[in-house]
């Protein structure tokens, strides 16, 4: 939700949309999906890979829909939803071994017309190596690294999403960053992504 939407009284808040959905208004749930879809897909993609992110996201929204009655509202809806997405992604990883990222599915930092073909290929290869290194982290380390450094969530939000004590979140993040940096140091070529 954008800052303008948060202060605009004509835009329903998440809690109001949850209440409307539990009362049978499916359009309210569609608004929740539209509002939070991008972040759920991004988080899923960084945990399971871009190829399976859409499936995991759909699974997360389906789980959320069926559990809306359990949403207490003591935490923001997006944190509750990301906890469900996190669990759906981990369940997916448990069912299916991670596969390499298809570089064609990755976004390029600049528009294709602004880079020469060889340069675009080189950037795609670097992104692919970084994605592989990210997936080489344990799921617990990968999740906290993605939620904190890629999505910018607070330690408290990550603790809520992952059902992990705050101290454990900080420790995992510290170890994940150190492990990821060590992997990058093994190949300094990856540092020159942009």
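The values are calculated or read from the model by the stated rules, or taken from the named source; none is laboratory data. Values in this document were obtained by computation on a predicted structure and should not be read as measured data. Backbone-built Cβ (ideal geometry, glycine too); neighbour counts: all protein chains shown.
List of remarks:
- Residues of region 114-137 classified as without any contact (Cβ under 8 Å) to a residue 12 or more places away in the chain and either part of a loop (DSSP other than H, G, I, E, B) or under 14 Å from the mean Cα position of the chain (by Cα) (or both), total: 2
- Some residue of region 59-80 being under 17 Å from residue 132 (Cα atoms) and either at pLDDT 85 or above or surrounded by 21 or more Cβ atoms within 10 Å (Cβ to Cβ) (or both): no
- Assessment of region 144-151 against the conditions (assigned to a loop (DSSP other than H, G, I, E, B), at pLDDT below 85, outside the structural domain of residue 36 (by TED's automatic domain parsing) and within 26 Å of residue 174 (Cα to Cα)) yields at least one matching residue.
- Residue 31 being at pLDDT 90 or above and in contact with a helix residue (DSSP H, G or I) (Cβ under 6 Å, 6 or more places away or on another chain): yes
- Odd one out for residue 38 among (1) surrounded by 14 or more Cβ atoms within 10 Å (Cβ to Cβ); (2) within 20 Å of residue 152 (Cα to Cα); (3) at pLDDT 85 or above: (1)
- For region 152-179, a residue qualifies if it is without any contact (Cβ under 8 Å) to a residue 40 or more places away in the chain, closer than 17 Å to residue 42 by Cα and assigned to a helix (DSSP H, G or I), and exactly one does: 158.
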